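Single-structure report; data block below.
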Amino acid sequence: MAPQSSRQPGFSLESMDALLVYLKEFENPDFDIGQRPCDEEKGWVLYPFMYSEPISDFIQATYDHGWIDPNFDWGEWVNEAMSYVESPEKLRAADLIIISQLLTAHIRGDRFTDGHLAAMFENGHIVKVLLRLQEIRKMTFGQQIQHNISFGVWMVDYLRYYNLEAYLFEDVNQRFHAEGFLSAFDFFSIVIWKANRAKTKVAQRLLEKGDGDELDSIVRDLTKSLHETQTPRDRLKIMMAEWGFRLPMASAVLTVLWPESFTVYDVRVCNQLGQYHHLANWTRFDRIWPTYEQFCQTVRANSPEGYSLRDSDKYLWGKSSATQLQQDIERSFGKGTEKGAGLKFRD
């Protein structure tokens, strides 16, 4: 397992802006990275690489504002750091901890491999890291949702919230990976999306587990543990074995947070697949997990080739809803109409 940073999420707006102030200058194609000094008379290349003043100031800012983690074993993480260079699409899911780890690896690594940081500027990687940081800043402190810490009031962009599924898979997903936890507001937005009728029961379960804490604190602890857990299996186990969620709700929460690894377990999709209905009633996690993995694979296999796991689920759910509506029309909406047909919520 890769070494983990000792740092906990908590980078401030000020610490983000201390780095982002350099982004525009670094994006300039004529930006001067620096140069390697040489003795022209003797033809010698000298060390170390001499970085331009803006980069030197940027490096200092990373130290001054806590982005360089002195306790992080970056040397053991080098291969993972380079995977973000070679596959820049991975940065789309990077949170503040990953950004800190990348900056630590590249800046401290430059001391041992002279000019390494220059190469990271030349190939555009540092700019990409800062662009991801800018995206996180907008999601965390921007105008779509702002958290007033003094009063605990969420100010919501209601037009954005109207499209609940987009809000969940874009705003909530990105905010979770940026901050490392969910608020009660965002968590219960997922619950409502999956099964509006279940929100009171879910709240009661959380309060029973929370030992007197308020919902925001309980949800924060639950979702923080999910964020810190490394494998899909263990994340589902936390939801089901530790917190008592059934598979439909547990899979819905995890699908919003990791749509590449999870899909929603619900009756419409089971109907389309013609199997897996029994899984809803199982309680032993050691039986649930391998069968849920098969369920995810079957969802993929029963949708058009090339669809992501998320789009495969939407395809099957949409097929079920459209088929049901057509049948209802043919019966003139007589007896036997499936409850919830055509609704935008999952159940």
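Remarks
- Debye, to nearest 20: dipole size of the chain, +1 on Lys, Arg Cβ, -1 on Asp, Glu Cβ: 2260
- Highest mobility in the GNM of the chain, judged by mean-square fluctuation with C-alpha springs under 10 Å and restricted to E170, E305, E214, is found for E305.
- At q = 0.17, 0.19 Å⁻¹, base-10 log of I(q)/I(0) for the stretch 13-139 (Debye sum, equal scatterers on each alpha carbon): -0.89, -1.10
- Neighbour-count ranking [beta-carbon atoms within 10 angstrom, fewest first] of L130, L23: L23, L130
- The chain: most fluctuating residue of D171, D221, D64 per GNM, C-alpha cutoff 10 Å: D64
- Cβ charges +1 (Lys, Arg) and -1 (Asp, Glu), total dipole of the stretch 13-139, debye: 360
- Answer label, with Cα Rg over 2.2 N^0.38 Å calculated from the coordinates and candidates [x] 1.20; [y] 2.34; [z] 1.03: [x]
- For a straight C-alpha distance cut-off of 17 angstrom, the aspartates and glutamates reachable from K314 (same-chain residues fewer than eight places away being disregarded) are E165, E170, E260, D266, E305, D347.
- Acute angle (nearest 10 degrees) that the helix 215-228 long axis makes with the longest principal axis of the chain, alpha-carbon atoms: 60
- Ellipticity estimate at 222 nm from DSSP helix runs (n ≥ 4, -39,500 (n - 2.57)) divided over the chain, nearest 500: -16000 deg cm²/dmol
- Local electrostatic count at N281 - Lys and Arg +1, Asp and Glu -1, tallied over other residues with Cβ under 13 Å: +3
- Neighbour-count ranking [beta-carbon atoms within 10 angstrom, fewest first] of T231, T291, T223: T231, T291, T223
- Taking every C-alpha pair closer than 8 Å and separated by at least 6 residues, the mean separation divided by the residue count of the stretch 13-139 gives a relative contact order of 30 percent.
- Exceeding the 20 Å Cα-Cα cut-off - candidates K90/K128; K138/K194; K209/K237; K24/K90; K194/K319: K138/K194; K24/K90
- Spatially, the stretch 256-303 and the stretch 46-108 are offset by 39 Å when compared through their Cα centroids.
- For D266, no residue 5 or more places off, or on another chain, has a built amide H under 5 Å of its own.
- Of the residues I99, N196, M139, the one whose Cα sits farthest toward the positive end of the charge dipole of the chain, with +1 on the Cβ of Lys and Arg and -1 on the Cβ of Asp and Glu, is N196.
- Taking the chain and dividing mean pair separation by its residue count, relative contact order in percent (alpha carbons under 8 Å, at least six apart): 12
Computed from the coordinates by the stated procedures, all read-outs in this text should not be read as laboratory data. Computed from a predicted model, the values in this text were never measured in an experiment. Because the Cβ atoms are built from the backbone with ideal geometry, glycine has one as well, and the counts that use them run over all protein chains shown.
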